[in-house]
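The values are calculated or read from the model by the stated rules, or taken from the named source; none is laboratory data. These numbers come from a predicted model, not from an experiment. Heads up, the Cβs are rebuilt from the backbone with ideal geometry, glycines too, and the neighbour counts pull from every protein chain shown. Surface accessibility is based on the protein's heavy atoms, side chains included, excluding ligands, DNA and RNA. Shrake-Rupley method; radii C 1.70, N 1.55, O 1.52, S 1.80 Å.
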Amino acid sequence: MPGEVEYFGIRHHGPGSAQRLVESLDRVRPAEVLIEGPADLSELIPMLADKDMVPPVALLAYPAGEPERSVFWPFSVFSPEYQAILWAAKHDVPARFIDLPVYWRLRDSVPAAEPEAAAENFDASDEHKPGSDDVPESPLATIQWDPIGALAFAAGYVDGESWWQDVIEENPQPGPIFAAVADAMRALREDVPPPKEDEAAREAHMRLEIAKSRKRDEGTIAVVCGAWHVPALTEKHTAKDDRALLKGVPKRKVSATWTPWTAPRLALSSGYGAGVRAPGWNRHLWETPRNEQATRWIARIARCLREQGQVVSTASLIETERLAVSLAAIRGRPQAGFEELTDATVACMCFGNHQLWQSIAADVLIGSEVGRIPDGVPLAPLLEDLQRQQKTARLKPEALERELSLDLRSDSGLFRSTLLHRLAALDVPWGKLDDPGRSRGTFRERWVLRWEPEYSVSLVENLVYGATIAQAASGRIIAGLRKSNRLGDLSNLVFEALTAQLPDAAAEVSAALEHRAGQATDCLEMLSALPPIADVLRYGKARHVDTGQMNSLFDRIAGQASIALHYAARGLDEEAAGLLRNSIAAADRSIQLIESPALPQWIDSLGEVIHDDQATALVAGQAARLLYESEHLGSEDAVSLLSRKLSPGTTIADAAGFFEGFLEGAGNRLIHDADLRHCVSDWIMSLDEETFVESLPLFRRVFSNMDKMERRRLLDAALGRQTTQTGYQVIEAVDPLWSDHLRRVTEILSGGGSDG
C-alpha cells in the first residue's frame with residue numbers, strides 16, 4: 001500500500017511554524033521527510049545537520065564554471081526546514097529536497113553585471129512577488145502573491161505580518177494549526193487564476209517526488225513546504241500531465257556548497273523576498289520559553305541601553321512590561337508582540353525619545369549573528385581563492401587587530417598589498433590603510449588587519465562579478481561605472497583599479513574618465529577629479545604602471561578647471577563656498593606635487609579670483625593664501641591685499657570671509673611676518689565689541705590647529721613679549737588701548753585648544 005502523506009504548510013523563517021513542526025514530527029514519526037528545496041542538492045542535507053554547522057547559513061548553487069549566476073537558499077536556526085532536517089538526522093530518518101532542480105531555476109538567470117536583479121534569487125522557494133507597478137489596490141486582490149496578507153485583511157489586520165505572528169508564531173494556544181492553514185490556503189486558491197508556468201512546474205515536480213516516496217516507503221511521509229503550495233500538492237493530477245510541464249529544459253552540471261550567512265540578510269529590509277521584519281525577535285521567540293518572552297526581551301533592550309551609557313532603572317523595566325501587556329489587550333492580541341514591546345520601550349525606557357530607540361533597534365530587532373561552516377564543507381570559489389592567496393602571502397585571518405608594514409619594492413610586499421587592495425575593492429576591508437594620505441605614492445604602506453566573519457558572506461555575494469579575487473574585483477569596479485558619471489568618482493575608480501593591479505578594469509574606467517572629461521563643464525567636478533589622478537601618477541611609480549595617458553588627462557582637466565575657476569567662485573552661498581574652497585586646496589596640492597605643465601595657468605586663475613570683486617570672499621581668501629604660500633604673492637603684496645580686503649569700506653561679512661580663507665590653517669605665518677600680523681591686529685582692534693564677540697568662534701577656528709607653544713609664540717610676537725602677569729599689570733596701568741589689545745588677543749588664542 002502507498003504510504004500516507006502528512007503536509008505541513010509553513011512560513012519560511014517562522015519560529016512558531018518551526019516549533020509546531022517539530023511537535024508534529026514527534027507525533028507522526030514519519031519514515032521520510034520531504035522538504036521544499038532543490039531536488040538535485042539533497043546530498044548536501046547531511047552537512048546541515050553537522051554539529052559544527054552554525055546558522056544562519058545558505059545553500060549556494062551555480063552552473064559549473066559560472067559562479068556569477070549564483071542563487072542562495074538561506075536557513076536560520078528558527079527555519080522550519082532547518083529544524084526538519086535536524087529532526088530527521090536525530091531520528092535517523094532520510095530527508096531530501098523535492099523542489100525543481102537548480103538547473104531549472106538558472107535557465108533564465110540574470111547576467112553577472114546585474115547584481116541587483118540577482119538578489120531576487122536569494123530565495124528560490126519564495127512565492128511570486130509582482131513588481132511595484134503590478135501591486136493591485138485591494139488587499140483581497142493580492143491573494144496569489146501575498147495570501148497571508150489577504151487572510152490578514154479578511155481578519156481585520158493592517159498587514160499579514162501581524163496576523164501571522166498572532167495566529168502562528170506567538171499563539172500560545174495549541175491546536176491543529178497546519179490543517180487550519182491548509183484549509184485557508186485552499187479557499188484562497190479557489191479565487192485566483194491558475195499558477196504561472198514556473199510555479200506550476202514547481203508544484204508538478206513536488207507531486208512527482210512525493211509519488212516516488214509513497215511507492216517506496218511504507219510508513220508516513222512528512223512534506224514540509226510553503227503553506228501556499230499545500231492545496232496544489234494534495235490535488236489529484238496525472239503523472240503524465242505533471243511530466244509534460246517539466247519537459248524542454250536540458251540538464252546541466254551544477255556546483256553547490258554551504259556558505260555562511262548573516263542575520264541582517266534574513267531581514268525584509270535587505271531585499272530578501274522571503275525575509276522577516278525582525279530576525280532578532282524571531283530568534284528570541286525560538287530560544288525563549290513562552291511565559292518568559294516579554295520579560296527577557298525587555299531585559300535585553302535594557303542591557304543594550306545601559307551599554308550605551310543610558311540610565312535604565314528596574315522600575316522602568318517593570319512599567320515597560322505592564323504597558324506592553326495592556327497595549328496587547330487593547331489591541332485584541334493574544335500576547336504582547338514586538339510592536340507592543342517596542343511602543344512600551346519608547347515610552348518607559350526611552351522617555352518618548354524615538355531616536356534613542358533607533359540607536360539600538362537594529363541590534364535588537366535584526367541582530368548581527370554570522371553563521372559558521374565546518375572545515376570539511378567545500379568552500380565557494382572566492383573563498384577557496386582567498387585561502388590560496390592567504391597561504392601564498394603568509395597572512396592568517398585573525399579577529400584581533402595587528403599592524404602590517406609593507407615594502408612595495410619587494411615581491412612579497414607588492415603581492416600582499418595587491419591582495420588587500422583587491423579585497424577592499426570588493427568591500428571586504430580585511431586590511432585598512434593606516435594614514436593612507438601619506439602612504440600613497442610611496443614605496444611603503446602600513447595596514448591594520450582584522451578579519452570579521454561577515455567578510456566570508458561578502459565574498460560569496462561578490463560571486464556575481466567573478467570566480468576569483470582578481471576577476472571579482474575587476475568586475476565590481478567595471479560595474480561601478482554604471483553608478484558613477486562624475487569625474488571624481490571615475491578618478492577614484494581608476495586609482496582603485498591600478499592599486500589593485502587590475503589592468504582590464506583600469507583601461508575601461510580610464511576610457512570612461514577620458515570621455516567624461518571631454519564633456520565636463522562644472523569646475524567643482526573637475527577639481528575633485530585631480531587628487532585621485534595625481535595619486536595614480538604617484539602610485540604608479542611603485543606599481544610599475546604606465547601612466548602616460550593619465551599625465552595628459554590630468555593636464556587637460558587642470559587646464560579646463562583653471563579656465564572655469566574664475567566664474568565658479570562668484571556668488572556662492574556658505575555651503576557651496578566651503579566645498580569649492582576645499583576642492584581648490586586639494587587640487588592645488590595635486591598640481592604642485594606632480595609639477596603639472598598646467599601650473600602657470602592655474603596660478604593665473606588664482607590671481608584672477610583674488611582681483612575679482614564678484615568672487616566669494618572665502619574663496620578669494622583661500623586663493624590668496626595659496627599664492628602667498630607658494631611665493632607667487634610677495635609679503636608686501638599680501639599685506640597690501642589683506643589691508644584692502646579688511647578695510648572699513650568692506651562689509652564685516654566679506655572681511656571675515658576673506659580673513660578665514662586667507663588664514664585658516666596658516667596661523668604660523670603671523671608669527672614670522674610682522675607686517676601681516678600688524679595688519680590683522682589693526683583690523684581686529686577696529687571691530688566694535690559686539691562684532692568682536694560674534695566673530696570669536698571664527699577667530700578661534702582659524703587658530704585652532706596651532707599647538708600650545710605656537711600660540712604662546714604668536715602671543716609674544718603680538719604683544720612684544722610682555723605676557724607675564726607683571727607685564728600685564730604694567731600695560732593695563734600705562735595704556736588702556738594696549739590692555740584691550742592684550743585682552744582680545746588672549747581671548748582669541750585661549751580658545752585655540754584645550755591647553756589654553
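Quick rundown of the values:
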read-out: Per-residue SASA entry for TRP297, accessible area with 1.4 Å probe, Å² rounded to 10; value: 0 Å²
read-out: Order by protection proxy (mean Cβ within 10 Å, highest first), peptides 251-257, 620-626; value: 620-626, 251-257
read-out: Solvent-accessible surface ranking, highest first, for CYS348, CYS225 at 1.4 angstrom; value: CYS348, CYS225
read-out: Average projection area in nm² (convex hull over Cα atoms of region 1-81, one quarter of hull surface); value: 7.0 nm²
read-out: Charge context of ALA256, other residues only, Cβ under 11 angstrom, K/R +1, D/E -1; value: -1
read-out: Solvent-accessible surface (1.4 angstrom probe) belonging to SER605, in square angstrom, nearest 10; value: 0 Å²
read-out: Accessible-area composition of region 562-694, carbon plus sulfur, in percent [1.4 Å probe]; value: 49 percent
read-out: Local electrostatic count at ASP40 - Lys and Arg +1, Asp and Glu -1, tallied over other residues with Cβ under 13 Å; value: +2
read-out: Residue-span extension gain [HIS515 to TYR567] - 0.36 nm each, minus C-alpha spacing; value: 16.3 nm
read-out: Low-density loop cleavage sites - GluC sites (Glu not before Pro) in region 182-256, where at most 13 other Cβ are within 10 Å (DSSP); value: GLU190, GLU218, GLU235
read-out: Cα point-scatterer Debye curve for region 193-239, base-10 log of I(q)/I(0) at q = 0.14, 0.16, 0.25 Å⁻¹; value: -0.35, -0.45, -1.01
read-out: Phi to ³J(HN,Hα) by Karplus 6.51 cos²θ - 1.76 cosθ + 1.60 over region 199-210, Hz, x for Gly, Pro; value: 5, 5, 5, 4, 5, 5, 5, 5, 5, 5, 5, 5
read-out: Computed accessible area, GLU664, all protein chains, 1.4 angstrom probe, square angstrom; value: 50 Å²
read-out: Label point distance in nm, GLU689-HIS611, each placed 7 Å from Cα along Cα→Cβ; value: 4.3 nm
read-out: Under the Debye formula (equal points on every Cα, no solvent term), log10 I(q)/I(0) of region 369-467 at q = 0.16, 0.20, 0.24 Å⁻¹; value: -0.71, -1.07, -1.42
read-out: Label-point gap, in nm, between LYS212 and ARG29 - each point 7 angstrom along Cα→Cβ; value: 2.8 nm
read-out: Sequence-distant residues sharing a close amide H with ALA58 (under 5 Å, placed H); value: PHE75, THR259, TRP261
read-out: Solvent exposure, largest accessible area first (probe 1.4 Å, DNA, RNA and ligands not counted), of ARG446, ARG186; value: ARG446, ARG186
read-out: Ordering of 424-430, 407-413 by burial proxy (mean other Cβ atoms within 10 Å per residue, highest first); value: 424-430, 407-413
read-out: Segments 34-45, 370-381 sorted - mean Cβ within 10 Å per residue, highest first; value: 34-45, 370-381
read-out: Additional length obtainable on full extension of the chain from ALA576 to ASP682, 0.36 nm per residue less Cα span; value: 35.2 nm
read-out: Estimated FRET transfer efficiency when R0 is 35 angstrom, pair ALA64-ALA180 (beta carbons, to 0.05); value: 0.20
read-out: Student exercise, region 557-615 dipole from Lys, Arg, Asp, Glu Cβ charges, in Debye to nearest 20; value: 180 debye
read-out: Distance in nm between pseudo-label sites at ARG300 and LYS51 (7 Å out along the Cβ direction from Cα); value: 2.6 nm
read-out: Exposure rank, largest accessible area first [ILE652, ILE221; 1.4 Å]; value: ILE652, ILE221
